[in-house]
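Data block below; observations after.
Throughout, read-outs are computed from the coordinates displayed, never taken from laboratory work. Treat the numbers as computed from the prediction; the structure is a model and nothing was measured. Reconstructed Cβ throughout: ideal geometry from the backbone, glycine too, with neighbour counts over all protein chains shown.
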Amino acid sequence: MISVMLVVYNGERYIRTAIESVISQTHKDFELLIVDDGSIDNTLSIIKEYAEKDMRIKFEAHKNNRGVAAARNTALEMAKGEWLTFIDADDAYHPQRLESLLEIALKQEGFFLADDYILCFDSKQGLIPWKDRKFSGIKINFINDIKIIDFTTYLKINTPSIKPFIPLGVISKNSIRYNENCSYGEDLEFIIQIFKKGLKLKLIVHPYYYYRLTPGSLTTKIENFDHLIEVYKRTLESYCLSTEEKKILHKLTKQVKRAKEYSLFTSALKSKRFLESIKIAKYKPILVFIFIKNLPKSFYYRISAMLKGGIIKT
């Protein structure tokens, strides 16, 4: 059985799509574990509606909003499957996601899996598929649509966001949990623990996960850059790492600091705080170069959204 984890806070607008995509899977042997993290909208009522119709749907409701990590730990305590995977409340699965990943997972032990994303525009009519993410253009060669990578390689390719498919026994045996003191980057910290228990990652080039582009997916809160830096710092302090791994983590830390500076710069521009943006650019002129370099990508996104009828997020 596959345990599918869904944690949600105030997700009434999208959660039906997420739930429907799971219960419509070609592979039927699963449990959908939903944790409502103190929603104050109609989310819990929608969850109960589906749970009454399908015994495979199980849910818990936090009285207060405790954060994503705490909600996921609640779901981990509920899980009874042999495999664990994830879905966010505003995303969806391809109908064959569970079947396809399980088929690959059963061929060989010692691995966890991750498929690619299909990036989708949001619209009043629902998800509009746009393009495959292609793991953000990472330069690795796939053999038979699969690439096996270790922790060092995962760091080298900038720790791409994934929705992993993990043998639950590894999590249970090693009491792996989410860091509830981590308010951003908790997924990465969790994945690092999986790597450090000896598993390698199979990246699957085919995308089975529909990822909705929303304001939260296109921008990062300023304070979250600091949280991510703390994740890298804890990783450096908590594990016996190779010299190469330490070097890469220091490089990633510098990249996040640069991304924070760039976010401050573009935020000032969007808010028409031009004096502030000029001051930032004067301190870090390279940010202007990065901004100009990113313009074609921004135009491509906006034009594609308009042509496909998607809502443009800024």
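What are the residues in the stretch 241-288 that are of a type in the set (Phe, Trp, Tyr) and under 30 Å from THR152 (Cα atoms), if any?
At the first step, the residues of the stretch 241-288 found to be of a type in the set (Phe, Trp, Tyr) are 262, 265, 274, 283.
Correct list: TYR262 only.
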Checking the condition part of a helix (DSSP H, G or I), surrounded by fewer than 17 Cβ atoms within 10 Å (Cβ to Cβ) and of a type in the set (Gly, Ala, Ser), which residue from SER267, SER263, SER277 passes?
SER267
I want to confirm something. Restricting to the stretch 11-40 and keeping residues that are within 18 Å of the chain's Cα centre (by Cα) and either aromatic (Phe, Trp, Tyr) or in a loop (DSSP other than H, G, I, E, B) (or both), which single residue is nearest to THR74 (Cα to Cα)?
GLY11
May I ask you to list the residues in the stretch 165-197 that are surrounded by fewer than 21 Cβ atoms within 10 Å (Cβ to Cβ) and more than 22 Å from TYR232 (Cβ to Cβ)?
PRO167, LEU168, GLY169, VAL170, ILE171, SER172, LYS173, SER175
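Taking ILE229 as the residue in question, decide whether it is touching a Ser or Thr at 6+ places or on another chain (Cβ under 6 Å), in a helix (DSSP H, G or I) and not acidic (Asp, Glu).
Details: touching a Ser or Thr at 6+ places or on another chain (Cβ under 6 Å): yes; in a helix (DSSP H, G or I): yes; not acidic (Asp, Glu): yes.
When the stated conditions are applied, ILE229 passes them.
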LEU249 is checked against (1) part of a helix (DSSP H, G or I); (2) hydrophobic (A, V, I, L, M, F, W, C); (3) free of Cβ contacts under 8 Å to residues at least 40 places away in the same chain and fails just one. What number does that condition carry?
(3)
Filtering the stretch 17-45 down to residues that are under 17 Å from ARG212 (Cβ atoms) and buried (at least 16 other Cβ atoms within 10 Å of the Cβ) yields THR17, ALA18, ILE19, SER21, VAL22, THR43
